[in-house]
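Beneath this line is the structure, given in structure tokens, with notes to follow.
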Amino acid sequence: MSSAEEARRGRTSDGGRTSDGGRTSDGGRTSNGDRGRRPEHPVDRYAVPGWLWVPAVVGLLFLALPLAAMVLGTDWRHFGVLVTSPSARIALWLSLRTAAAATVLSMVFGTPLAVVLARARPRGHRQLRALVMLPLVLPPVVGGLALLLTYGRTGLLGRWLEVAGIHIAFSTTAVVLAQTFVAMPFLVISLEGALRSGTEAYERVAATLGARPGLVLRRITLPLVAPGLASGAVLAFARALGEFGATLTFAGSLQGTTRTLPLEVYLQREVDPAAAVALSLVLVAVGALVVLTVGARALGGDRG
């Protein structure tokens, strides 16, 4: 077949189409092919200036070097003995239980709070949002002191709870409340951001078709914001797992009752630094495992 005949039919000799046919020699489509394949090098890869890599790498090293120092400073020969001591196992189990309970409480109360802030927008909602975010910037010790003044024996609510025979301060319940206090804002912020990212149009359509608000919430809103809820729950769990200051102030450090793994690390640092480093590495490993296996997709970490 002659070249002219090939050109007339819109194909090259190696099987690809000419510009008229909308395909290149490697089988891809040209600009004339509207359904052209994705470029091998996406444009967004060139959108980052080269000099920006320098501070980015410095920032990454700033975050990674302390973790590397911890790994290098661990006594690996006795690692198993250090992290399986009875006190360490009790503290780890208590931390996992209380962090899970705090995450559930954050979801139960934080989800309605995020929906109200994002949809109802009550008067003073900006001030309310600032109040919700306040635990993020408060020193943890201050948060623990505030909880103690609220739920302690002579606290604002604690005095009435004491009359009813309910003791919260310096108990496992106090650990859960302290962790919930610092973790719930992460869930509210994450979920409110998801609610503001484009689900309102679907909710309006459902409402115009006669769906009640409760039905819209269950069938439209919550399924659409499920990734945001999952990411918020993961962040809340990780924050609760690492909580230290508010727990120590509000719940104390009683082995088996309120001494979580961060408190155990702090105490071991005074008597056995090698054990403190090994237990710290366990906390890092648990946090990394949670984020990588449960929340990587929700947090956007595996978008490729």
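Between the alpha-carbon centres of the stretch 264-295 and the stretch 71-110 there is a gap of 7 Å. Highest mean packing first, where packing is the average number of other Cβ atoms within 10 Å per residue, the peptides 49-60, 242-253 line up as 242-253, 49-60.
Expressed as a whole percent, the accessible surface of the stretch 76-199 that belongs to carbon and sulfur atoms is 72, based on a 1.4 Å probe.
When peptides 211-218, 271-278, 160-167 are ranked by their average number of other Cβ atoms within 10 Å per residue, the highest-first order is 271-278, 211-218, 160-167.
The values are calculated or read from the model by the stated rules, or taken from the named source; none is laboratory data. Being a predicted model, the structure only gives us computed values, none of them experimental. Cβ: placed from backbone, ideal geometry, glycine included. Neighbour counts: every protein chain shown. The protein model used for the area step is the full one, side chains on, heavy atoms only, and it has no ligands, DNA or RNA in it. Shrake-Rupley method; radii C 1.70, N 1.55, O 1.52, S 1.80 Å.
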